[in-house]
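Heads up: the structure comes next, in structure tokens.
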Amino acid sequence: MSPKFGHVLQPQEQLTLVSTMYPVKTDNAHELPVYVDQDHPVRRHHSARYYAHHIKESLTTRVSKLICTIFLTFLSILGIIAFILWLGLRPHRPRIFLHDFSIPAISQGIGPESAQINFNVTARNSNQVIGIFYDAIQMSATYQEQSIGTSQLLTPFYQLPKNTTVLAGTFSGPMVTVTGTQWQQMLDDRSRGTVVFRVELTARIRFKIWSWKSKHHRMHANCPVGVGQDGVILVGYIDKRCPEYFN
């Protein structure tokens, strides 16, 4: 605080003034000393080198941030691409559907020795770019958890992506193993309106992605099916998807 003109300083104010202000020397001894207020220091002006260095540091920081942003963006894009490829290249098991099934002999009043079992199953490959090798397929029919017919499909085949293959065949002659007791139970069920069977498919398959082939997987599909009094599949069972599993 500067003293006012014409004001007589008290001892306490003199001490304060001496502690906050100091004289600046001059070349002329007759000039009065100039006092500088330490509470309000003179503002310093920086040199051009200082500003150049400051600008250089600022540019370096901005370039570093830009490089980090580009790098993180690149990693994010790679992660998204990898996730999309993983979804597209992850193999999905074939989808098995039972299209047709019949035992005509049930409605004809003949014995089991002349019985035939007809089936029609479709296998759908829903993969976008993955093909499937079917190296061995076995079809069987069961009644009350007992096998009544088995057939081995001997011709291996390759299924293209997004493709459906029909597996149709007939159990007849020695392939049909229905006993007299089982046949009588089937006729009793027929008189009540429905005879329930199960078609089972067992296959050894491999997946193919471009030139790479996977190891063998054993796939199972169980297809419950009911036939009416005419021995033909009931409408409610047509084209139903069969539960599948691997082991």
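Here, each number is a calculation from the coordinates, and none is a lab measurement. The structure presented is a predicted model; accordingly, all values stated were derived computationally and were not measured. Because the Cβ atoms are built from the backbone with ideal geometry, glycine has one as well, and the counts that use them run over all protein chains shown.
If you take every residue apart from Thr122 with its C-beta less than 12 Å away from the C-beta of Thr122, what net charge results, scoring Lys and Arg +1 and Asp and Glu -1?
Local net charge: +2.
So if I restrict to the alpha-carbon atoms in the range 95-246, what is the Rg, and what is Dmax, the biggest pairwise distance, in Å?
16.6, 55
Using C-alpha positions alone, give me the convex hull volume of the range 134-175 per residue in cubic angstrom.
Hull volume normalised by residue count: 93 Å³.
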